[in-house]
Amino acid sequence: MASTQQLKSRIRSVKSTKQITKAMQMVAASKMRRAQDATKGSAPYAAAADEILAYLSNQGVTDDYPLFEKRPIRRRLIIAVAADKGLAGAYNSNVLKAYVGLLQRDEQRKVETVTIAVGRKMSQFASRLKDVTVIGSYNDIADHPQGATFQAILSTACDMFRNKEVDAVSVVYTKFVSSMTQAAGIMRLLPAGTPVASMHDDVGNLVTDSRYEPSPAVVLDAVAYRLVGARLYQALLDARASEHSMRMLAMKNATDNATDLADDLTLVMNKARQGAITQELSEITAGVEAMK
């Protein structure tokens, strides 16, 4: 059994770790609430973008527009989104598994792949994989990914698809369902017009009654890029909200485990101290008996 001093040292160490994990839990909870508000606020717009793109694709008005062009997939661009840091439970490992699974399926189908890595963990992982080409790496993206970084990712994907450098663009990310549920998955970004099972009739009626001025090509050139960007933006928001949620849960579990461990060590220390006191009393009693 460890000495009392050793047990005291371990208890202090565990309590110090508990203070750190508790602070990290509170920070993650604060960031999670803001990230949840952001992803829930933009979700209706992203859902409407999905429905409009799907409807336009099914109506034949996009046949000559490059972002909607469907062709055999010989080369794919993968936008893979992970975190910049660890200590987020299974968040990073789940995304990496989904990413590797897509690479393996494409390899079996003889499909070449190139990758844009978002997040330091994804950048480090992808750069270590054999025969994986990373054409872009973006770290330390804000919780609200706007500005030059977001536009660089979006424009690169759209330009490569327009120029037929790739035949499809997929996003590997973690979809935010709730603070307790997140699911790593794959979303097809391009070609635009992914079928939507729950399309509202209102969307179809609105688009049917619309007129394209000055022409469908000019309208689609402005609208399609923005709608595709809305889908990518929503995926990045979902990924960040999922990261903060899983980090908060991981830190909460770590804090609870530290509390249990400190209690167990305190019990062991009290038993050791009681045993030492009992031993001393026995020795004193034995000495007194010997002197009689």
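FYI, it's all coordinate maths here, none of it is from the lab. Computed from a prediction, not measured in an experiment: that's the story for all the values here. We place every Cβ from the backbone using ideal geometry, glycine too, and count neighbours over all the protein chains shown.
If the segment from R226 to V114 were pulled out straight at 0.36 nm per residue, it would be longer than the present Cα-Cα gap by 38.0 nm. In this rough spin-label picture, where each label sits 7 Å from Cα along the Cβ direction, the K271-Q6 distance is 1.5 nm.
With 0.36 nm allotted per residue and the present C-alpha distance subtracted, the S93-Q124 stretch has 9.9 nm of extension available. Within the straight-line cut-off of under 16 Å between alpha carbons, the lysines reachable from K271 are K8, sequence neighbours fewer than 8 places apart in one chain being disregarded.
The slack between A142 and V177, meaning 0.36 nm per residue of separation minus the straight C-alpha distance, is 10.5 nm. Each peptide in 121-127, 231-237 was scored by the mean count of other Cβ atoms within 10 Å over its residues; highest first, the order is 231-237, 121-127.
Protection proxy ranking of 3-16, 179-192, 252-265, by the mean of other Cβ atoms within 10 Å over each peptide's residues and highest first, is 179-192, 252-265, 3-16. Here r is the Cβ-Cβ distance between T285 and S13 and R0 is 35 Å; the resulting FRET efficiency, rounded to 0.05, is 0.40. Distance check, please: which entries in K121/K252; K40/K164; K40/K97; K70/K175 exceed 32 angstrom between their Cα atoms? Checking Cα-Cα distances, K40/K164 exceed 32 Å.
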